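Q: Sharing a structure with you now.
What follows draws every value from the coordinates through simple rules; no lab data is involved. The structure presented is a predicted model; accordingly, all values stated were derived computationally and were not measured. Positions of Cβ are generated from backbone atoms using ideal geometry, with glycine treated the same way; all protein chains shown enter the neighbour counts.
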Amino acid sequence: MKALVFHEPERISVDDVAEPVPAAGEALVRVVAAAICHSDIRVYKGQKHARPGVIPGHEIAGVVESLGAGVEGVGVGDEVVVCPIIACGRCAFCLLGRRHRCLERQTLGYDEDGGLAEYLLAPATLVASGHLLPVPDRLPLQRACLTEPLACVLNSLETCNVGAGSSLAIIGGGPMGLLHLLLARALGAGVVIVSEPDEARAEVARRLGATAVLDPRRDDLAAAVKERTAGLGADAAIVTAGLAEVVGQSLDCVRPQGVVNLFAGFPPDTSVPFDPNVVHYKEIRLTGSQNASIDQYRRTLQLLPNLAEIEEVTTHRFPLAEATEAYHVRLRGEGLKSMVVMDA
Ligand SMILES: [Zn+2]
Ligand SMILES: [Zn+2]
């Protein structure tokens, strides 16, 4: 079969590799769509580790093609999305139901082969943990493919207690910033302010319902957020761009007892200067979030049929043979999210 292979930083290619055959407990998924994540780009740039020779891709939707012996709960022909986490099931975090924090966690697309291929072999532990999730009716697979990034965003928003009427500042209007905007809107948030210097992205943010889009090169972010939140500051600020200088800004954007979530990953060795007294006197909760619980995946899948606007975020689609180009548009900063669609 054809697959995209990560050889080493800055070297990927579409190769012919052996088509996997599912052993006991495993499932073979015919991939229909697999999207490129910013973290795949960070692996490409050498900022994040993946095993050389691995097939990347952890945002995956497809159809179950065949099953090894003894698989229960999924059937041949089922449309599924993949939670790419392989968890041990018995460490302290797994026992708390937080398999995304598993101490022995392995992840498809980094440690084991992922979805940028004609077929994905779902490991037995992943299948047994229920990490092949059934796609609801009325949900096209190309939209279902965004379950993984959107579940991460749900985790981020729930970490910040964003709900009906909440005010929110989103730092960065790239694909993940825009998914935060969309989902915050869907959860009933009130004022949602996006900070994004790129005019094309700012335009999408306005179209998707941002209360205001600020240009961080021109506008005083904290002052503009306060102006729109009765002088208080936002309930939460979420950093979706891994830039050291925006961390201090986001602390200034939230109200006393507000939450700042570092959703983005930062380049290695980043250090951030900020005034600890801002955290102390305002009693700010400074946190991070990454990935999502399986329950957040499940609920995200239930939301997606009613979230058609999310398709605006996928601006580029490529056939598997051109999967390297799906990386290169992201590296050039063109458009928003890129997706590999089989038979496209
Ligand atoms: Zn992702
Ligand atoms: Zn575990």
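Q: Out of every Cα-Cα pair in the chain, what percent are more than 34 Å apart? Walk me through the numbers before you get to the answer.
A: Values: 14039 of 58996 pairs.
Result for the distance tail: 24 percent.
Q: Return the sequence-ordered ³J(HN,Hα) values of the range 127-144 in whole Hz as given by the Karplus equation 6.51 cos²θ - 1.76 cosθ + 1.60 applied to θ = phi - 60°, using x for Gly and Pro.
A: With the stated coefficients, the range 127-144 comes to 5, 5, 7, x, 8, 9, 9, x, 7, x, 4, 6, 10, x, 5, 5, 7, 4 Hz.
Q: Using each residue's phi in the range 27-34, evaluate 6.51 cos²θ - 1.76 cosθ + 1.60 at θ = phi - 60° and report the 3J(HN,Hα) Karplus result to the nearest Hz, with x for Gly and Pro.
A: 10, 9, 10, 7, 6, 9, 8, 9
Q: Also, quick follow-up: Which value results when the Cα radius of gyration for the range 225-276 is divided by 2.2 N^0.38 Å?
A: For the range 225-276, the normalised Cα radius of gyration is 1.17.
Q: Hey, another quick one. List the residues, sorted by chain then number, that are 5 or more residues from residue 48 or on another chain and whose placed amide H is less than 5 Å from its amide H.
A: Residues meeting the criterion, in which the H sits 1.01 Å from N, are 43.
Q: Right, something else. Please compute the Kirkwood hydrodynamic radius of the range 78-117 from all pairs of different C-alpha atoms, in Å with one decimal.
A: Numbers: mean 1/r = 0.0920 Å⁻¹.
It is 10.9 Å.
Q: Tell me the net charge near residue 127. Cut-off is 12 Å between Cβ atoms, residue 127 excluded, with +1 for each Lys or Arg and -1 for each Asp or Glu. Mind showing how you got there, number by number?
A: Details: positive: none; negative: 26, 72, 78.
In short, -3.
Q: What's the longest uninterrupted piece of the chain once you rule out the trypsin sites (Lys or Arg not before Pro) that are loop residues per DSSP with at most 14 other Cβ within 10 Å?
A: Maximal segment without exposed cleavage sites: 219-331.
Q: At a Cα cut-off below 13 Å, give the aspartates and glutamates reachable from residue 226, other chains included and same-chain residues fewer than 8 away excluded.
A: Cα-Cα hits under 13 Å: 235, 252.
Q: Which pairs break 32 Å Cα to Cα here: 48/282; 2/337; 45/282? Show your work: numbers first, answer last.
A: Details: 48/282 34 Å; 2/337 22 Å; 45/282 37 Å.
Checking Cα-Cα distances, 48/282; 45/282 exceed 32 Å.
Q: Okay, next question. Using every pair of alpha-carbon atoms in the range 241-344, split the distances into 10 Å bins beginning at 0 and state the percent of pairs per bin, rounded to integers.
A: 12, 25, 32, 23, 7, 1
Q: Let me ask something else. Just to verify a number: FRET efficiency for residue 223 and residue 243, C-beta to C-beta distance, R0 = 35 Å, to 0.05?
A: Computed FRET efficiency for residue 223 and residue 243: 0.95.
Q: Alpha carbon centre of the range 302-322 versus the range 45-92: separation in Å?
A: 20
Q: What is the angle, in °, between the Cα long axis of helix 175-186 and the longest principal axis of the Cα atoms in the chain? Nearest 10 is fine, range 0 to 90.
A: The angle comes out near 80 degrees.
Q: Counting Lys and Arg as +1 and Asp and Glu as -1, each charge on the Cβ, what is the dipole of the range 151-288 about the Cα centre in debye, to the nearest 20?
A: Computed charge dipole of the range 151-288: roughly 360 debye.
Q: Please report the net charge: other residues with Cβ closer than 10 Å to the Cβ of residue 61, K and R +1, D and E -1.
A: The answer is -2.
Q: Between the range 1-41 and the range 214-290, how many Å separate their Cα centres?
A: Taking the Cα centre of each part, the range 1-41 and the range 214-290 sit 37 Å apart.
Q: Can you pull the three principal axis extents for the Cα set of the range 151-288, in Å, largest first?
A: Per principal axis, max minus min of the Cα coordinates gives 37, 32, 31 Å.
Q: Can you give me the P(r) profile for the range 1-124? Cα pairs, bins 5 angstrom wide beginning at 0, each as a whole percent.
A: 2, 12, 19, 22, 20, 15, 7, 2, 0
Q: Also, quick follow-up: For the chain, what does the helix formula give at 222 nm: sum of -39500 (n - 2.57) over DSSP H segments with n ≥ 4, over the residue count, nearest 500 deg cm²/dmol?
A: Details: 12 runs with 96 residues, N = 344.
Computed ellipticity for the chain at 222 nm equals -7500 deg cm²/dmol.
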